[in-house]
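Structure record follows, encoded as structure tokens.
None of the figures in this text is laboratory data; all of them are computed from the coordinates on show. Quantities reported herein were computed from a predicted structural model and do not represent experimental measurements. Cβ: placed from backbone, ideal geometry, glycine included. Neighbour counts: every protein chain shown.
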Amino acid sequence: MITLESVSKRYSGKFGHIDALIDVSVRVERSDIFGIVGFSGAGKSTLIRMVNRLEEPDSGTIMVDGDDVTAMTKKQLLTSRRNVGMVFQQFNLLETKTVFRNVAMPLMLQGKSRAEIARRVDEVLDIVELSDKRDARVSQLSGGQKQRVGIARALATEPDILLCDEATSALDPKTTEAILQLLKRINKTMGVTILLITHQMQVVQRICNKVAVMEGGRVVEQGSVIEVFGNPQTATTQEFVRTVINDQIPEAVMDLVKNDPRNARIYRLRSVGVASQNALLSKLNQTTGLEINILGATIEQLEDTVVGVFHVQLVGSDDAIDRGEQHIDAARITKEQVRF
Ligand SMILES: Nc1ncnc2c1ncn2[C@@H]1O[C@H](COP(=O)(O)OP(=O)(O)OP(=O)(O)O)[C@@H](O)[C@H]1O
């Protein structure tokens, strides 16, 4: 549905150049909620702006719904943009105009009739649950209500794709959650594909099914949210995942372990689904006779499953611990020895 293939973009200026995107390839399927996460300056905004050609790539191709965006004429591009709604962090609304007027704007630009505009605006205001504010001025609304207007405006032209540029970054946690649930409902009930950029992993955890992690203009990791959260490969991804799933052993626990004179090893285990983890630990104990101490555990829900990080101390002979390791590998649980 949206495919970026080997896209690169360099900004040049007085002080040299910046490679904002380096050989970026991303594939968003129909009905995905695809999150792009990264620290400031990673290239997220540049990437999302490529999809409706607010930015021109230096090289690579960008396909939206089978059409090559980079090869479009101005007229074709205008038509294509109607199919791609955009939601902004700072809302980008006309503050002194009414909610109705703001949402009507893209339809007016399309030359729709007054009756058609009124019908569609009422329809989308109902979707974002803001019908009672139809005639209020935007300046009188709260941040969350403003973002609902922004989403209604983006949906007015009945797009198949919604691009969200840090859509919840200016909102408090409760309002963020309400807006995220609204986006999820729009995705599920209307089948709208959502591509969003964020620096908050919580946003990805709450609503995305796929994620790409960006760093220094490159996509360093991408996949299903469960794959990436369950087994983050790069240091940057691990840092982001850690903001949602704590994978550190509490210091006080570590101190106790350090002073334990017995032969032992500590492992960080990552698993998808709790059942597998629980079964493994009891099996380990039964078959190897190891003493197993859980030093910490974090379990977080992702989509319809859970991802867990467990720290376990295996106490016993080296031979028994080696056999324990084999059981862990056989259970397809990702393990990493924690050294101190
Ligand atoms: N128009 C521009 N001219 C020059 N450099 C730019 C321009 N736009 C972006 N950049 C640079 O390109 C890099 C990527 O910027 P981009 O805005 O895409 O990152 P980002 O991940 O969206 O960051 P943030 O979360 O802070 O918005 C940065 O180093 C930025 O300074």
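The table that follows gives values for the structure above.
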| item | result |
| --- | --- |
| Difference of contour (0.36 nm per residue) and Cα-Cα distance, ALA170 to GLN76 | 30.5 nm |
| Helix-only CD estimate at 222 nm, as mean residue ellipticity for the chain, using -39500 (n - 2.57) per DSSP H run (n ≥ 4) | -11500 deg cm²/dmol |
| Derived scalar couplings ³J(HN,Hα) [the stretch 53-60; Karplus, 6.51 cos²θ - 1.76 cosθ + 1.60; whole Hz; x for Gly, Pro] | 6, 6, 10, 9, x, 7, 8, x |
| GLU221 long-range amide H proximity, modeled H, under 5 Å | VAL213 |
| Efficiency of FRET from Cβ geometry, ARG27 and ASN83, R₀ 22 Å, rounded to 0.05 | 0.75 |
| Loop GluC sites (Glu not before Pro), the stretch 287-340 (other Cβ atoms within 10 Å of the site Cβ: 15 or fewer; DSSP) | GLU303 |
| Order of PHE340, PHE240 - criterion: other Cβ atoms within 10 Å of each residue's Cβ, fewest first | PHE340, PHE240 |
| Phi-based couplings in Hz for the stretch 285-292 (Karplus 6.51, -1.76, 1.60; Gly and Pro marked x) | 5, 5, 8, 10, x, 5, 7, 10 |
| Using alpha-carbon coordinates, inclination of helix 114-127 to the longest axis of the chain, degrees | 20 |
| Paramagnetic reach from GLU227 (point 7 Å along Cα→Cβ, amide N under 15 Å) across the stretch 158-178 | none |
| Considering only the chain, percent of DSSP beta bridges that pair antiparallel, nearest 5 | 70 |
| Cα Rg over Rh - the chain, Kirkwood | 1.08 |
| Gain upon complete extension [GLU300, GLU239; 0.36 nm per residue less C-alpha separation] | 20.4 nm |
| Estimated FRET transfer efficiency (SER12, ARG339; beta-carbon r; R0 56 Å; 0.05) | 0.80 |
| Ranking of HIS17, HIS327 by count of other Cβ atoms within 10 Å, fewest first | HIS17, HIS327 |
| Ascending count of other beta-carbon atoms within 10 Å, so fewest first, for THR234, THR73 | THR73, THR234 |
| Rounded to whole Hz, the Karplus (6.51, -1.76, 1.60) HN-Hα couplings of the stretch 29-38, x for glycine and proline | 8, 4, 6, 5, 10, 9, x, 10, 10, x |
